[in-house]
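J.: Could you have a look at this structure, given as structure tokens, before my questions?
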Ligand code: ASP
């Protein structure tokens, strides 16, 4: 079992065997989370600080639960109400927290690259919980775990990632992870929601949803990231739903056992039909949430092992 990372800043630096190590350990945590007694002492004595500069429901809750189940002292900083509002820079905030000797820092930030910058300034392990439109590594790992458990493998699958690819860190991290594990990736959506340089991503690109979904094993829907749009990317939500919203009719183009995924939060009736999202025979959206806790436990477990193996850095 090898995992050589000091931080988890993205999927980009991970090797395929490190991804497999993470997913194998996550499977063990899925079992623990299903047991009556869910506690372990893996992070006992360690301090985990969650700094969310952007709203989050699932990700923040699951990092908090993961840390608590493993015995860490967990603190949630409400960054909306913090000194940032009083003009403190990200680096000043990081240095202040660093002085409190955290061991694990979980950070979400609206700017791409902000988490990398912060990681250069602190002594602890940093986990990227989503930075701008750059990366959301734990989301891609939980998606991979969900796919591997549903399909029995994580290679040579045909996976359609659909919708607002351009603004989505979930799409970026998934494209990297699923590509490293040798899957066939299709990007499906209107040209206005494709990232620039899409041709270099090594994926097949489709503007027509019916063509894009043909015979795929996995349909991964994305939220329209309106908060990152500064103009008219779609004619109207009604028109978007008509062309790109996933419903039973469009899903019929995929393989009969294709699974439906969505990272949440969902806009029902915009990118996905509500009844389909709740259909437990097709949708694995609730499994994704369950896998999220296990993956975050595995990530913090592996980073803590590496942290403990290093000589403690003394601050100047
Ligand atoms: N929750 C995911 C994220 O933080 C997806 C989304 O917001 O649409 O990127």
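Read-outs throughout are calculated quantities, based only on the coordinates presented, and are distinct from any laboratory measurement. These numbers were taken from a predicted model, which means no experiment stands behind them. Quick reminder, even Gly has a Cβ in these numbers, built from the backbone with ideal geometry, and neighbours come from all protein chains shown.
J.: What's the long-distance tail for segment 1-154, i.e. % of Cα pairs beyond 19 Å?
T.: 56
J.: How much length is gained if the chain between residue 57 and residue 1 is pulled fully straight, taking 0.36 nm per residue apart and subtracting their Cα-Cα distance, in nm to one decimal?
T.: Full extension of this stretch gives 17.0 nm more.
J.: Continuing with this model, one more query. Checking the a/c ratio against 1.5 first, then a/b against b/c, what shape does the Cα gyration tensor give for segment 102-146?
T.: Oblate.
J.: What per residue convex hull volume, in Å³, comes out for segment 122-277 when only alpha-carbon positions are used?
T.: 124
J.: So, one more: Can you give me the Kirkwood hydrodynamic radius for the chain, using every pair of distinct Cα atoms, in Å to one decimal?
T.: 20.1
J.: Oh, and also: Let me check the size of segment 108-194 from its C-alpha atoms; what are the radius of gyration and Dmax in Å?
T.: According to the Cα coordinates of segment 108-194, Rg and Dmax are 14.3, 43 Å.
J.: Report the relative contact order of the chain, percent, no decimals, based on alpha-carbon pairs under 8 angstrom and at least 6 residues apart.
T.: Worked out over the chain, it gives 20 percent.
J.: Mind pulling the angle between the C-alpha long axis of helix 285-309 and the longest principal axis of the chain? Nearest 10 degrees, somewhere in 0 to 90.
T.: That helix lies at roughly 30 degrees to the long axis.
J.: Identify the residues of segment 229-246 with backbone N under 20 Å of a label point that sits 7 angstrom from the Cα of residue 208 along the Cα-to-Cβ direction, or state none.
T.: Once the point is set 7 Å along Cα→Cβ of residue 208, 239-246 turn out to lie under 20 Å by backbone N, inside segment 229-246.
J.: Report, as a whole number in µm² per second, the diffusion coefficient that Stokes-Einstein gives for segment 186-316 at 10 °C and 1.306 mPa s using the Kirkwood radius over alpha carbon pairs.
T.: Calculated translational D: 92 µm²/s.
J.: A follow-up question, please. Per DSSP helix of 4 or more residues, -39500 (n - 2.57); summed, then divided by the residues of the chain. What does that give at 222 nm, rounded to the nearest 500?
T.: For the chain, the value works out to -11000 deg cm²/dmol.
J.: For each of 200, 18, count neighbouring Cβ atoms within 10 Å of the residue's Cβ, then give the residues from fewest to most.
T.: Lowest to highest Cβ neighbour count: 200, 18.
J.: Something else: Based on the alpha-carbon gyration tensor of segment 11-78 and its eigenvalue square roots a ≥ b ≥ c, which shape applies: rounded if a/c is under 1.5, prolate if not and a/b is larger than b/c, or oblate?
T.: Because a/c hits 1.5 or more and a/b fails to exceed b/c, segment 11-78 counts as oblate.
J.: If one takes the longest principal axis of the Cα atoms in the chain, at what angle in degrees, from 0 to 90 and to the nearest 10, does the Cα axis of helix 169-180 lie?
T.: Result, in degrees: 90.
J.: Just the Cα atoms of segment 35-126, one point each, no solvent: what log10 I(q)/I(0) does Debye give at q = 0.15, 0.18, 0.19, 0.25 Å⁻¹?
T.: The computed values of log10 I(q)/I(0) come out as -0.58, -0.81, -0.89, -1.38.
J.: Based on the Cβ-Cβ distance of residue 41 and residue 99, what FRET efficiency does E = 1/(1 + (r/R0)^6) give at R0 = 25 Å, to the nearest 0.05?
T.: 0.40
J.: If you rank 29, 241 by fewest surrounding Cβ atoms within 10 Å, what's the result?
T.: Final ranking by Cβ density, sparse to dense: 241, 29.
J.: Arranged by the count of other C-beta atoms within 10 angstrom, fewest first, what order do 127, 91, 19 take?
T.: Listing 127, 91, 19 from fewest to most nearby Cβ atoms yields 91, 19, 127.
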